[in-house]
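Asks: Sharing a structure, written as structure tokens. Questions coming.
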Amino acid sequence: MSTRVFQTTPRIHYGPRAIEQAGPEAAALGKVALVVTGRSASTKNGSLERLCGLLEHAGVAAVPFPRVEPDPSLDTVVAGTKLAREKGCDVIVALGGGSAMDAAKGISCLLANPGELAALEGAAGLRQGPPVIAIPTTAGTGSEATKVSVLTDTARGYKMLLVGPTLLPAAAILDPELTASMPPAVAAATGMDALTHAVEAYVSKLANPFSDALALAAIATIGENLPVAVAAPDNCDARAAMLYAQAQAGLAFSNASVGLVHAMSRPMGARFGVPHGTANAMLLPLVTAFNRPACPGRMARVAEALGRRTDGLDLGAASRLAATALAELAAGLPLPRTLAAVGVDAEALPDMAREAAENGSSRVNPRRAEAEEILELYGKLV
């Protein structure tokens, strides 16, 4: 076995009012902070104003960049990079969901690696940019704990990935109070995104003892708490549990990768704007059933983590419970279930299937999927 390395965000602050650590963290890293966030939520709920106040109180000048759209585009990252250069920003603070954190990582990367952003996909040895402090306000992507930035090339209708240790945030702040304003549908979609990260990391060909422990813990916590967090948004314990579990899932997949679900969901987002968590929720039970023959032992443990009793069952029956449990969990959430419901044109499916088959995530999926098999999986959602 070759030597491997498990990489993590160096510091993770967590708990109620953890956002108050943003000021000291930023002050230790720089003097001028670009605050990267979405276009409306953080402004409406006051979290952006609060964060900027905390930064200013710690002696760090705050430069707001509230322009990040869902599935951030390369153009948005370029615009943020330009503003950061103009204002002399030496630290970047991301406030929001995965889109804000991905954009912040992309800005940091482009500041240190000038040129065409699209040319950085797959590039090795990316230079370290300004440190990023990641503050998630949703419980799903785990981007505060990953070395990945997912950006949308709108010209090509394609989601590209920046990957490397320099993409890891310098610090993460997990404050469950910041997730209290998530609408139930957003909590459902982001929660299923986190569950997908955990399941795919656990069955990945790159799974390892460290990622396994984190993935199984996340699966169990999400399975127990996601329905509660969606049905009772004021349940602080459930929201906190989801926030911590999605970070565990993020650490797991950042080191073990994801698989076919992500390979198939990316074209849905890039071509038709389907929210990432929504796409993952639709695909996860189907892909889990497809993968089962290649890793029945691991699927049985996924089922057990989701609370299914496997005593007295043979491995085949126990492993089938994983897809069943995931399907039943997703069915109980306020999420669409068909491609038509999210605006995916069936005529695009063959091209999407070919794109998914060629995606790097497919290569570490436990079962190799050809384009024809992927097209058949898509077809089950028509």
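Listed here are the residues, each with its yes/no results for (1) among the β-branched types (Val, Ile, Thr); (2) closer than 16 Å to LEU339 by Cα; (3) in contact with a helix residue (DSSP H, G or I) (Cβ under 8 Å, 6 or more places away or on another chain).
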residue	(1), (2), (3)
VAL258	yes, no, yes
MET264	no, yes, yes
ARG271	no, yes, yes
PRO275	no, yes, yes
MET282	no, yes, yes
MET299	no, no, yes
ARG308	no, no, yes
GLY312	no, no, no
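Asks: If only one of ALA124, ALA103, ALA79, ALA119 is small (Gly, Ala, Ser) and under 20 Å from ILE173 (Cβ atoms), which one is it?
Replies: The unique qualifying residue is ALA103.
Asks: Need a quick list: helices (runs of 4 or more DSSP H) entirely within region 208-310 having at least 1 residues that are open to solvent by 10 Å² or more (accessible area, probe 1.4 Å) and over 30 Å from ALA171 (Cα atoms).
Replies: Answer list for region 208-310: 209-231, 260-272, 276-291, 296-305.
Asks: Is there a residue being open to solvent by less than 30 Å² (accessible area, probe 1.4 Å) and not polar (S, T, N, Q) anywhere in region 2-14?
Replies: The answer is no, given that none of the residues of region 2-14 is open to solvent by less than 30 Å² (accessible area, probe 1.4 Å) and not polar (S, T, N, Q).
Asks: Continuing with this model, one more query. Which numbered condition trips up ILE374, out of (1) open to solvent by less than 40 Å² (accessible area, probe 1.4 Å); (2) not in a helix (DSSP H, G or I)?
Replies: The number of the failed condition is (2).
Asks: I'm told LEU174 meets every condition in (1) surrounded by fewer than 24 Cβ atoms within 10 Å (Cβ to Cβ); (2) at pLDDT 95 or above; (3) within 24 Å of HIS262 (Cα to Cα) except one. Can you identify the failing condition by its number?
Replies: (3)
Asks: Could you list all residues from region 321-346 that are closer than 23 Å to ILE219 by Cβ and part of a helix (DSSP H, G or I)?
Replies: Those that are closer than 23 Å to ILE219 by Cβ and part of a helix (DSSP H, G or I): LEU321, ALA322, ALA323, THR324, ALA325, LEU326, ALA327, GLU328, LEU329, ALA330, ALA331.
Asks: Residues that are surrounded by fewer than 24 Cβ atoms within 10 Å (Cβ to Cβ) and over 25 Å from the mean Cα position of the chain (by Cα): list the helices (runs of 4 or more DSSP H) wholly contained in region 32-114 that include at least 1 such residues.
Replies: Ranges flagged: 47-57, 74-87.
Asks: Return the pairs, sorted by first residue and then second, in which the second residue is among the aromatic types (Phe, Trp, Tyr), the first residue lies in region 214-240 and is without any contact (Cβ under 8 Å) to a residue 60 or more places away in the chain, the beta carbons are less than 8 Å apart, and the residues are 6+ apart or on different chains.
Replies: Qualifying pairs under 8 Å: ALA215/TYR202; ALA215/PHE253; THR221/TYR244.
Asks: Looking at the structure I just gave you, is ALA331 open to solvent by less than 40 Å² (accessible area, probe 1.4 Å) and not hydroxyl-bearing (Ser, Thr, Tyr)?
Replies: Judged against the criteria, ALA331 is not a match.
Asks: From the list THR141, THR179, THR152, which one is buried (at least 24 other Cβ atoms within 10 Å of the Cβ), in contact with a His (Cβ under 8 Å, 6 or more places away or on another chain) and modelled with pLDDT under 95?
Replies: Selected residue: THR141, the only one of THR141, THR179, THR152 that is buried (at least 24 other Cβ atoms within 10 Å of the Cβ), in contact with a His (Cβ under 8 Å, 6 or more places away or on another chain) and modelled with pLDDT under 95.
Asks: Also: Mind checking which residues of region 184-203 are over 16 Å from HIS276 (Cβ atoms) and surrounded by fewer than 23 Cβ atoms within 10 Å (Cβ to Cβ)?
Replies: PRO184
Asks: Among the residues of region 347-366, is there at least one that is open to solvent by 50 Å² or more (accessible area, probe 1.4 Å) and outside any helix (DSSP H, G or I)?
Replies: No, that holds for no residue.
The values are calculated or read from the model by the stated rules, or taken from the named source; none is laboratory data. Predicted model only: the values in this text are computed from it and were never measured. Cβ atoms come from the backbone with ideal geometry, glycine included; neighbour counts cover every protein chain shown. Protein only, heavy atoms only, side chains kept; ligands, DNA and RNA dropped before computing areas. Shrake-Rupley method; radii C 1.70, N 1.55, O 1.52, S 1.80 Å.
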